[in-house]
Ligand SMILES: [Zn+2]
């Protein structure tokens, strides 16, 4: 079982940790700041620094089978640390911060575009959401202007927790059915952008929308009947 420090503090860049297990897939730690790929957000990259001076480059982070199991995927050819080794786990913060900014921006996009979200993906410097919207009713420039307005307004972004049962009673809190938040632990995390958006989400976000910076709607694609893909990038 790994303590997931990013869940309560998305701004934690590094932590002390101990190696629990190592196998062909990667390295498990007792605690970590590395976010594993999920919910449309890529896994973190970074480095594990051993007290010996040796370091192990981490090229991806994925989920294991067990709940809260996080696997740090080492660069090919790395010498793995032994179980029990104490180390410092440090993410590539510049990249993670860009992912947090874009991820939070996609929450704003949910609030701007009326219609069910059918899919989404955060990438480094860009992101996209698919909406079940008919016809060509979406105006690229109007969406971009509204997004930048919400960003500039400096809305606070706050996590809070509800029970699995409370979530089941409010299915509208799950905006993207294809990237359901993790349930089964008895509680689910909500991300609230006060007065703008509220939804269940397990990813990492910035604390204030002004931190996102200006964005542009690059293009709106037609991905089949009633499916419009809105592509966003940092301006
Ligand atoms: Zn989110």
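For the Cα atoms of the chain, what angle does the longest principal axis make with the long axis of helix 140-152, in degrees from 0 to 90, nearest 10?
60 degrees
Quickly work out the residue 37-to-residue 166 label distance, labels modelled 7 Å from Cα along the C-beta direction, and quote it in nm with one decimal.
3.3 nm
Give me the extension gain from residue 158 to residue 51: residue separation times 0.36 nm, minus the current Cα-Cα distance, reported in nm with one decimal.
34.9 nm
Give me the number: length gained by fully extending residue 234 to residue 86, i.e. 0.36 nm times residue separation minus the C-alpha to C-alpha distance, one decimal in nm.
Gain in length upon complete extension: 49.5 nm.
Which percent of Cα-Cα pairs in the stretch 1-42 sits in each 10 Å bin, short to long?
Bins of 10 Å from zero give 27, 53, 20 percent of pairs.
Taking the 0 to 90 degree range and rounding to the nearest ten, how far is the long axis of helix 93-112 tilted relative to the main principal axis of the chain, both from C-alpha atoms?
The answer is roughly 30 degrees.
Which percent of Cα-Cα pairs in the chain sits in each 10 Å bin, short to long?
Percent of pairs per bin, in order: 8, 31, 32, 20, 8, 1, 0.
Assuming 0.36 nm per residue, please report the length gained on full extension of the stretch residue 227 to residue 95 beyond their Cα-Cα distance.
Gain on stretching residue 227 to residue 95: 44.6 nm.
Throughout, read-outs are computed from the coordinates displayed, never taken from laboratory work. Note that the coordinates shown come from a computational prediction; the quantities given were computed from them, not determined experimentally. Because the Cβ atoms are built from the backbone with ideal geometry, glycine has one as well, and the counts that use them run over all protein chains shown.
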